[in-house]
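In what follows, a single structure is set out as structure tokens and then discussed.
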Amino acid sequence: MRASGRLAIGCVAGFSLVALLVSHGVTAPWDVAGLRDVAQFRTPMRTSVMRGITALGGGDVLAPVAALFGVWLWIWRSRRDAGHYLGTVLLGWGCYGLLKWAFARPRPNVIERLDGAGWWSFPSGHAMESAIILGLAVVLVTQKRLAWGAVGILVAMIAFSRVYLGVHYPSDVVGALFL
């Protein structure tokens, strides 16, 4: 089996484990403690930075990025890559929406929410879609590990910002990143 296949199986297994633990309430103590710990480090300056970072993972930014990158792939690379990329983006969007509906986990109310949030909490759409849209884009255009790492750090920061702002439990973003 290729490395990409092993990685995919590992990610599905990781998500499945997190989802099982979340659905049985096992993550609740860790989630509450994580939110409370993060809230202790809030400052107006950090909150402003986190709002900016979280905006990068929102649909207002990611949807145009995905569309423009898909068009770029179509024109400059290959229609096949463009179709696969846009198909993966749409599949990811639909998948996280169905999973939010299936798990119906309420948003945290442990600490003050410093940002708006949509419907259900698990899994985090910001974390999942930023990993798909930005992560797949960088993999398609370069083999440079430095670029992959930079995008990985950005995706991790977007995921962390959701916890910092009090709109997701830590397990919401961990599950989304696996998926």
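Residues within the reach of a label modelled at R36 (point 7 angstrom out along Cα to beta-carbon, backbone nitrogen below 18 Å), restricted to segment 158-178, are 163-171.
Modelled spin-label separation between N109 and M1, with each label point placed 7 Å from Cα along the Cα-to-Cβ direction: 4.2 nm. Any idea of the accessible area per residue across the chain, 1.4 Å probe, to the nearest Å²? For the chain, the solvent-accessible area averages 56 Å² per residue.
Extension gain for L140-W119 works out to 4.4 nm (0.36 nm per residue, less the C-alpha to C-alpha distance). Put R79, R162, R113, R105 in order of accessible area, highest first, and with a 1.4 Å probe you get R79, R113, R105, R162. Share of carbon and sulfur in the accessible area of the chain stands at 70%, probe radius 1.4 Å. Under the combined filter of DSSP loop state and at most 14 neighbouring Cβ atoms within 10 Å, segment 1-105 retains these chymotrypsin sites (Phe, Trp or Tyr not before Pro): F41. When each full DSSP H helix of the chain is screened for a Cα extent of at least 27 Å along its own axis and an average Kyte-Doolittle hydropathy of at least 0.0, the helices passing are 3-23, 79-103, 145-164.
What nm value, rounded to one decimal, do you get for the distance between L21 and R51 when each label is placed 7 Å out toward the C-beta? For L21 paired with R51, the spin-label model returns 3.3 nm.
The values are calculated or read from the model by the stated rules, or taken from the named source; none is laboratory data. Predicted, not measured: the structure shown is a model, and the values here were computed from it. Heads up, the Cβs are rebuilt from the backbone with ideal geometry, glycines too, and the neighbour counts pull from every protein chain shown. Each accessible area value is taken on the protein alone, full model and side chains, heavy atoms only, with ligands, DNA and RNA left out. Shrake-Rupley method; radii C 1.70, N 1.55, O 1.52, S 1.80 Å.
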